[in-house]
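Chemist: Provided herewith is a single structure, encoded as structure tokens, for subsequent inquiry.
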Amino acid sequence: MEERALDEKDFALLRMLKECGNITHAADRLYLTQSALSKRIKAIERELGCEVIIRTRKGVRFTPEGELVLERTAQASRELDLLRRELGAAQGEVCGTLRAGFSINYAFVHLADLIAEYHRLYPRVQLDVVIGQSRQLHSNLQAGALDVAVLRGELPWDGMQYLLAQERICVARTRDNQDVPLSELTYINHTTDLAHTALMTRWLHENNLANDANRVNVTDLMTCAELVRRGVGWALLPEIVLQDFDGVAQPCSFANGEPFIRRMYVDCQKESERLPQVQALIRLIKAQYQPAVRED
């Protein structure tokens with residue numbers, strides 16, 4: 001029986017094998033028997049004329065040649081996916097697939113409205129949406145797993161980048177607490193990336209508020225904002241979560257007069273920027289932050 005040539009199923013097989021590091025687990029994920037998976041690996045190795053993996057007691061490891069095969073097949077898989085999407089776009093209708101990532105804070109406030117409107121306008125686009133921390137989304141974008149992402153903070157990117165917003169960081173507290181010195185209130189701290197944590201720490205030190213004794217630590221921004229609303233204490237919060245806040249929010253500045261801000265960006269893969277479905281999403285994201293036109 002003639003063996004088939006290397007194809008996209010083999011690309012996925014190799015990728016899964018690398019991810020699992022184990023024949024048994026990879027076979028389960030691919031819905032194959034171990035025997036069938038082993039035979040296909042041997043066929044791939046015969047076709048390429050080199051050993052791709054080495055079996056060890058702890059699982060499998062890719063040889064240097066195997067690592068090169070992984071790199072090239074991943075690249076080929078991305079190019080084929082891009083070709084299909086460009087061919088779909090050439091038909092004159094916004095369609096195809098779109099892989100988009102959104103920071104947790106943006107998603108909480110804006111994502112439902114964005115996706116509902118996008119799906120209404122472009123129902124033939126298959127959306128794959130990921131929500132997570134900006135740093136993880138940035139890694140996914142760099143790896144080619146996302147076409148576009150809305151990220152918060154200063155993360156290096158050499159593709160298309162659009163500055164979406166510059167948000168002031170504010171001291172937020174209830175009106176009942178507005179005349180109480182911050183040093184006498186509980187500080188509610190939220191987990192964030194290292195760069196923003198460093199800026200928050202700097203502001204606290206400059207204002208003699210770095211006392212850990214009277215502090216509540218939470219892992220997410222929304223819980224932090226809710227505790228402030230309930231009068232538990234005060235927090236350093238970005239404007240994105242203060243749109244409906246009925247307490248007191250005072251913009252912060254550092255000792256040198258520099259405003260304490262956090263930027264939000266839309267980052268896009270160079271290869272994906274020209275796709276109509278990506279361009280359409282970016283237009284809708286930008287429109288959310290453009291000032292409303294006032295009618296006379």
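Chemist: Return the carbon/sulfur percentage of the accessible area of the chain, one whole number, probe 1.4 Å, all protein chains in place.
Modeler: 49
Chemist: If you don't mind, another one. Compute the accessible area per residue over the chain, keeping the other protein chains in place, probe 1.4 Å, unit Å².
Modeler: Accessible area per residue: 57 Å².
Chemist: While we're on this one: Taking a ≥ b ≥ c as the square roots of the eigenvalues of the Cα gyration tensor of segment 227-296, is the shape rounded (a/c under 1.5), prolate (a/b larger than b/c) or oblate? Walk me through the intermediate numbers first.
Modeler: Details: a/c = 2.25, a/b = 1.84, b/c = 1.22.
Because a/c hits 1.5 or more and a/b exceeds b/c, segment 227-296 counts as prolate.
Chemist: On C-alpha positions alone, give me the angle between the axis of helix 194-206 and the longest principal axis of the chain, in degrees, nearest 10.
Modeler: 20
Chemist: Something else now. First check a/c for segment 106-154, with a ≥ b ≥ c the square roots of the eigenvalues of its C-alpha gyration tensor; if it is under 1.5, answer rounded, and if not, answer prolate when a/b is larger than b/c or oblate otherwise.
Modeler: Judged from the Cα gyration tensor, segment 106-154 comes out oblate (a/c at least 1.5, b/c at or above a/b).
Chemist: Also: Kirkwood hydrodynamic radius for segment 1-150: how many Å is it when counted over pairs of different Cα atoms?
Modeler: That comes to 17.9 Å for segment 1-150.
Chemist: Which whole-Hz ³J(HN,Hα) couplings does segment 120-131 yield from phi under the Karplus relation 6.51 cos²θ - 1.76 cosθ + 1.60, θ = phi - 60°, glycine and proline marked x?
Modeler: 5, 7, 10, x, 8, 7, 8, 9, 10, 10, 10, 10
Chemist: Match the structure shown to one of the listed values [x] 0.97; [y] 1.09; [z] 1.03 of Rg/Rh (Cα atoms, Kirkwood Rh), computed from it, and give that label.
Modeler: Here Rg/Rh (Cα atoms, Kirkwood Rh) agrees with entry [y].
Chemist: Bin by bin, in steps of 10 Å, what percent of the Cα pairs in segment 68-188 do you find, going until the bin that has the longest distance?
Modeler: Distribution as computed: 10, 29, 30, 16, 8, 5, 1 percent.
Chemist: Please list the non-local residues whose amide H lies under 5 Å from the amide H of ILE169, H modeled 1.01 Å from N, same-chain partners needing a gap of 5 or more.
Modeler: Result for ILE169 returns CYS252, PHE260, ILE261, ARG262.
Chemist: On a straight-distance basis, which lysines could pair with LYS270 in a cross-link, Cα separation under 22 angstrom, same-chain partners fewer than 8 positions away excluded?
Modeler: Hits, sequence-local ones excluded: LYS286.
Chemist: Right, something else. Counting only C-alpha contacts under 8 Å and six or more residues apart, can you give the relative contact order of the chain as a whole percent?
Modeler: 20
Chemist: Can you give the helix-only mean residue ellipticity at 222 nm for the chain, where every DSSP H stretch with n ≥ 4 adds -39500 (n - 2.57) and the sum goes over all residues, rounded to the nearest 500 deg cm²/dmol?
Modeler: My calculation for the chain gives -12500 deg cm²/dmol from helical runs alone.
Chemist: So how long is each side of segment 192-237 along the principal axes, counting just the alpha-carbon atoms, biggest first, in Å?
Modeler: Extents along the principal axes: 27, 21, 15 Å.
Chemist: Two-decimal Rg/Rh of segment 145-227 from alpha-carbon positions, Kirkwood Rh? Working shown, then result.
Modeler: Working: Rg = 15.9 Å, Rh = 15.3 Å.
Using only Cα positions, Rg/Rh for segment 145-227 is 1.04.
Chemist: Right, here's the next one. Using the basic label-point model (7 angstrom from Cα toward the beta carbon), what is the ARG120 to TRP157 distance in nanometres?
Modeler: Label at ARG120, label at TRP157, 2.6 nm between them.
Chemist: From the phi angles alone, apply the Karplus equation (6.51, -1.76, 1.60; θ = phi - 60°) to segment 164-174 and give each ³J(HN,Hα) in whole Hz, x where the residue is Gly or Pro.
Modeler: Per residue, the Karplus-derived 3J(HN,Hα) values read 8, 7, 10, 9, 6, 8, 10, 7, 10, 7, 6 Hz.
Chemist: For the cross-link pairs LYS9/LYS39; LYS18/LYS42; LYS9/LYS58, which exceed 20 Å when the distance is taken from alpha carbon to alpha carbon?
Modeler: Listed pairs above 20 Å: LYS9/LYS58.
The values are calculated or read from the model by the stated rules, or taken from the named source; none is laboratory data. It should be emphasised that the depicted structure is a prediction, and the values quoted were computed from it without experimental measurement. Don't worry about glycine lacking a Cβ; one is built from the backbone with ideal geometry, like all the others, and counts go over all protein chains shown. The area values use the complete protein model at the heavy-atom level, side chains included, leaving out ligands, DNA and RNA. Shrake-Rupley method; radii C 1.70, N 1.55, O 1.52, S 1.80 Å.
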